[in-house]
Structures are given as structure tokens and as C-alpha cells.
Amino acid sequence: MHPHPRLRSARPAGLALLFALAWFHAAPAEATRCTPRNEERSDPNTGQRWSQSWYCGNDASAPMFAGPNPASRVATLQSRQSWFVCWRRGDAHAGGNDVWYYTQGDSAAAGWEARRGWGYVPAVALATSVDPDPGMPECQPDMWQARKQVSDPNTGRSWSTVWYGRNDAGATLYLAPDGATATGRLDSTLSYFVCHARGARHGGGNDVWYYTQGDRSAPGQEARRAWGYVPAQNLHTRSDPYDSIPACGDNPAPPPPPPPAGPYVLPLPLDAFERAIGSLTNNHWGGNYWAIDLLVPVGTPVYSVSAGVVSNYSQGTCGNGLTVRGDDGLSYLYCHGDSYVGVQPGQRVAAGQQILRSGNTGQSGAPHLHLEIKQWSGDWGSSPAWCAQRFLRAIHRGQPQSPRNFPASGGDCTAP
Ligand SMILES: [Zn+2]
């Protein structure tokens with residue numbers, strides 16, 4: 001909602017329409033609403049789908065954010081009439097409320113390309129007269145990963161990625177996941193969490209607790225700086241523990257079983273791949289070169305798609321990445337890993353062997369795996385690239401075959 005109603009311009013789609021809009025916006029008694037259409041949308045970031053899109057007027061170049069707050073700008077909404085799929089409450093904004101609308105924008109902010117432009121727009125940038133717009137659904141409970149460097153002085157642990165989510169106001173934090181000793185309190189209702197632990201069952205119907213730093217210390221617990229565990233009952237999550245939010249213990253959970261061995265295998269566990277499958281209909285962001293971004297949470301195992309030899313670790317914009325020179329003569333580049341798993345340059349790897357833990361390092365704004373397939377010709381940039389999209393789709397269909405059977409740069413990469 002805009003703070004002050006004003007006459008909005010529209011695209012010159014015809015004089016009659018202009019007059020109609022002018023009349024519509026000038027009539028104060030008339031509520032400005034979004035209009036639903038039966039258009040399906042799917043969001044590769046959360047795996048959610050919607051069967052309706054709600055068209056609303058919005059400001060030109062409206063900023064879009066990773067969550068319902070202005071912390072991380074991820075994209076810009078260029079069109080003045082855009083569709084939105086749901087709304088969520090977050091930080092208060094200049095529109096006089098705390099409603100934010102979720103949509104896919106037109107251009108990603110630098111470093112946030114992997115989100116494919118999905119983000120939240122504050123209601124102040126929309127031409128709605130009531131927020132949330134009547135009829136539009138509330139976004140499903142969700143958490144979202146964001147880059148943030150935090151460290152816990154109690155344990156010495158630090159994290160470079162956190163999970164934001166909504167929580168009950170005044171939620172209590174505890175020293176252990178058992179509810180025995182309070183260490184502090186969350187005043188904010190939108191907080192970040194770094195890991196989860198299993199402990200006592202609570203009213204949320206499970207035994208999952210999330211770890212974070214609160215806003216206030218409990219009396220006598222000042223030295224802990226308000227770090228503690230919140231029962232999942234106080235969080236608005238879709239599932240507990242939410243996706244791959246890591247366990248707080250030092251022992252990471254064992255990785256899911258690797259894919260079956262074959263000449264070519266998927267680079268991710270099947271469930272993670274299928275969640276990211278919407279990415280296969282896209283060229284690499286902006287179509288700027290031939291590669292694919294698969295949106296997967298930090299910590300997802302990454303497998304070598306083919307047998308070969310690790311030729312080098314790639315860093316810089318690639319983050320923690322590596323290249324495997326396949327037995328088929330092609331080179332496979334994997335980027336943005338959270339960490340290496342001990343596979344060294346010069347080492348032989350089997351198809352399906354884990355080579356990385358996926359992450360958000362290098363030039364990456366959202367956790368994802370970047371995969372690029374090239375015929376090495378002495379210089380990576382000018383080496384011809386093969387279509388990873390169709391190559392992965394064929395494996396998924398159970399018809400693995402050489403990337404050479406699919407188009408190279410210049411062909412149609414996103415077709416089935
Ligand atoms: Zn990429």
C-alpha cells in the first residue's frame with residue numbers, strides 16, 4: 001500500500017484503458033485490488049507452486065529482498081504491472097504496515113543470480129489499498145538462507161550462512177534443548193537461526209530446537225550474550241528440522257547414499273535434484289554463457305557426474321570448486337561448494353563419488369551448485385561448452401549419454 005494514494009500512469013495500451021485507469025484511480029471510494037488469473041508459478045528456491053497469480057500495479061524499479069525485510073536486496077521488479085503469488089508479514093515499512101508480497105522480478109542483483117529474481121516487495125511499492133490484498137494467500141511458513149557471518153562466543157563456532165524465519169514474539173531461549181534453564185529472549189519476530197538440535201519433546205509435536213542469538217539475556221545469564229535454543233514450536237516452519245539447516249553437534253549427519261554407479265550420474269541426491277529441476281528450463285542466468293545453476297541448500301552432497309581425475313581446485317569467483325577431467329575427455333567444473341571433502345587434485349574419482357559439499361562461496365548470492373561442461377582447449381573461457389541442462393535431464397530420464405550428444409554453445413540448450 002502506498003502511504004498516499006496518487007494517480008498512477010500505465011503503459012500506453014490504448015486511450016480507453018488510460019481513461020479507465022485514470023477514472024479508477026481517481027475514484028476514492030474504489031478499492032485498488034489485485035486481480036487473480038489462473039496462471040501457475042513455481043519457485044525453485046522453496047520448491048513451492050501456486051495455481052493463481054495476482055496482478056497488481058507497482059512502482060517502477062521496485063526493490064526486492066530475500067526475506068520480508070530490507071536486509072538483502074536480491075532483485076528489481078521492472079514491470080509496472082506484475083504478478084504476485086503470496087504475502088508475508090515482516091518488518092514494518094513506509095506503507096504503514098508489515099506486509100510484503102512475493103514474486104519473481106526482472107533483474108537479479110549482483111551475486112544473487114541463483115535466486116532467479118525471486119523475492120519480497122514491501123507493500124509500500126504496490127498500488128493496493130488494503131494489505132494484505134484480500135483473497136491473495138499468505139505465503140506458506142518458510143525459512144530462507146542468507147549470507148551472514150555470525151559467531152558464538154560460547155562455543156567458538158561461526159557460520160557464514162544463516163536461516164531466517166518468523167518466530168513468536170517473546171520466545172524464550174534455553175541453555176540446552178530441554179527447556180530447563182532460560183538464557184534469553186527473542187524480541188524480534190523475524191530472526192536468524194544457525195543450526196538445530198534434538199532434545200526434549202515440546203508442544204510443537206517434535207523434539208527439534210533451533211539455535212540463535214536472542215535480543216535480551218535472562219538475569220544471571222549475561223555472559224552467554226543471549227545465545228540459546230528455541231523450541232520449534234515457537235517458529236513458523238514448514239517442517240522440522242527445516243530442510244538442511246545443519247545440526248549443531250560437531251558430527252555432521254551422514255550424507256544420503258550416492259546415486260547408482262553408471263557412465264553418467266546426477267550430481268546431487270535424487271530428492272535435491274528434483275527440487276531444483278525447475279532450473280533445467282533456464283539458461284545460465286541471463287543466458288550469458290553455457291552452464292547451469294542448481295538451487296540446493298548448503299551442505300548437499302555433490303557427486304562427480306562422470307568417472308575421471310580431479311584436475312584442479314577452482315577458487316575465486318567459483319568459491320570452493322573443482323574440475324574433474326572425465327574419462328570421456330570432457331571437463332566438468334563444479335562451483336560454490338561449502339567445503340571440500342578431502343578429494344584432492346590428481347585423485348581418481350568414480351561417477352557418483354562425493355567431491356564437494358554444496359554451498360554459497362565465491363560469486364554466489366544464494367546456495368547453489370554451478371555446473372559447467374567443456375572441451376578443454378587451453379583456455380577455460382574460450383573452450384567450447386556443452387549443454388548441461390539436456391545432459392542432466394537425460395540422466396534423470398534413465399537415458400544417460402555423453403554431453404556431446406547435446407548441443408554445444410549456440411544450440412538450443414533448454415529444450416527437453
Ligand atoms: Zn552459475
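Under 5 Å between amide H atoms, partner at least 5 residues away or on a different chain: which partners does SER358 have, H built in plane at 1.01 Å?
GLY299, THR300, VAL302, ASP338
Could you run the Karplus curve 6.51 cos²θ - 1.76 cosθ + 1.60 with θ = phi - 60° over region 34-39 and give me ³J(HN,Hα) per residue in whole Hz, x for Gly and Pro?
Per-residue couplings from phi come out as 8, 10, x, 10, 7, 10 Hz.
Hey, what did region 270-405 get for relative contact order, percent, Cα under 8 Å, at least 6 apart?
Rounded, it is 25 percent for region 270-405.
Kindly list the residues of region 48-70 that lie in the label zone of ALA110, defined by a backbone N under 19 Å from the point 7 Å along the Cα-to-C-beta vector.
Under 19 Å, as judged by backbone N against the label point of ALA110, lie 63-66 of region 48-70.
Say the dipole of region 143-234 comes from +1 at the beta carbon of Lys and Arg and -1 at that of Asp and Glu; which of GLY199, PRO153, TYR229 then lies farthest toward its positive end?
The residue sitting most towards the positive pole is PRO153.
Contour minus end-to-end for SER129 and SER61, with contour as 0.36 nm per residue of separation and end-to-end as the Cα-Cα distance?
22.5 nm
Over the Cα atoms of the chain, each weighted equally, I'd like the Debye log10 I(q)/I(0) at q = 0.07, 0.10, 0.11, 0.12 Å⁻¹, rounded to two decimals.
Log10 of I(q)/I(0), two decimals: -0.39, -0.77, -0.90, -1.03.
Among PRO141, GLY411, GLY249, which residue has its Cα furthest toward the positive end of the charge dipole of the chain, with +1 on Lys/Arg Cβ and -1 on Asp/Glu Cβ?
GLY411
Would you grab the residues whose amide H sits under 5 Å from the one on THR128? Only those 5+ places off in sequence or on another chain, please, with H modelled 1.01 Å from N.
Distant-sequence amide H within range of THR128: HIS2.
Restricting to DSSP H runs of at least four residues, report the calculated mean residue ellipticity at 222 nm for the chain, -39500 (n - 2.57) per run over all residues, nearest 500 deg cm²/dmol.
Calculated mean residue ellipticity at 222 nm is -2000 deg cm²/dmol.
Can you give me the distance in nm between label points at ARG397 and ARG216, each placed 7 Å from the Cα along the Cα-to-Cβ direction?
With each label placed 7 Å out from Cα toward Cβ, I get 6.1 nm.
Hey, got the dipole for the chain? About the Cα centre, +1 on K and R Cβ, -1 on D and E Cβ, debye to the nearest 20?
320
Taking trypsin sites (Lys or Arg not before Pro) that fall in a DSSP loop and have at most 11 other Cβ atoms within 10 Å as cut points, what is the longest piece of the chain between them?
Between exposed loop sites, the widest span is 7-396.
Would you mind working out the magnitude of the charge dipole of region 270-405 relative to its Cα centre, with +1 at each Lys and Arg C-beta and -1 at each Asp and Glu C-beta, to the nearest 20 Debye?
Dipole size: approximately 200 debye.
For every other residue with a beta carbon closer than 11 angstrom to the beta carbon of TRP380, add +1 if it is Lys or Arg and -1 if Asp or Glu, then tell me the sum.
-1
I need the chymotrypsin sites (Phe, Trp or Tyr not before Pro) found in region 329-411, filtered to DSSP loop residues with at most 11 other beta carbons within 10 Å of theirs.
In loop regions of region 329-411 (DSSP not H, G, I, E or B), there are no sparsely surrounded chymotrypsin sites (Phe, Trp or Tyr not before Pro).
Just want to confirm a number: the relative contact order over the chain, from Cα pairs under 8 angstrom separated by 6+ residues, in percent.
After rounding, I find 11 percent.
Could you calculate the FRET efficiency of ALA350 with ALA94 from 1/(1 + (r/R0)^6), where r is the beta carbon distance between them and R0 is 56 Å, rounded to 0.05?
Taking R0 as 56 Å, the efficiency between ALA350 and ALA94 is 0.50.
Each residue of region 298-306 in order: what ³J(HN,Hα) in whole Hz does its phi give by Karplus 6.51 cos²θ - 1.76 cosθ + 1.60, θ = phi - 60°, with x for Gly and Pro?
4, x, 5, x, 10, 9, 5, 6, 9
What's the extension gain from ARG80 to ASN154 if we count 0.36 nm per residue and subtract their Cα-Cα distance?
21.8 nm
If R0 is 30 Å, what FRET efficiency do you get for SER409 and VAL309 from their C-beta distance, rounded to 0.05?
FRET efficiency, SER409 to VAL309: 0.75.
Sticking with the crude label model, points 7 Å out along Cα→Cβ, report the distance from ASP328 to GLU138 in nm, one decimal please.
4.8
What are the ³J(HN,Hα) values, in whole Hz, obtained from phi via the Karplus relation 6.51 cos²θ - 1.76 cosθ + 1.60 with θ = phi - 60°, for each residue of region 358-372 in sequence order, with x given for Gly and Pro?
Result, rounded to whole Hz: 5, x, 9, 9, x, 7, 8, x, 9, x, 6, 9, 9, 10, 9.
What is the gain in length, in nm to one decimal, between GLN363 and ASP168 on full extension, counting 0.36 nm per residue of separation less the C-alpha to C-alpha distance?
Residue separation times 0.36 nm, minus the Cα-Cα distance, leaves 66.8 nm.
Rule-based calculations on the coordinates, nothing more; no lab input. Since the model is a prediction, treat every value here as computed from it, not as a measurement. All Cβ positions, glycine included, derive from the backbone under ideal geometry; neighbour counts span all protein chains shown.
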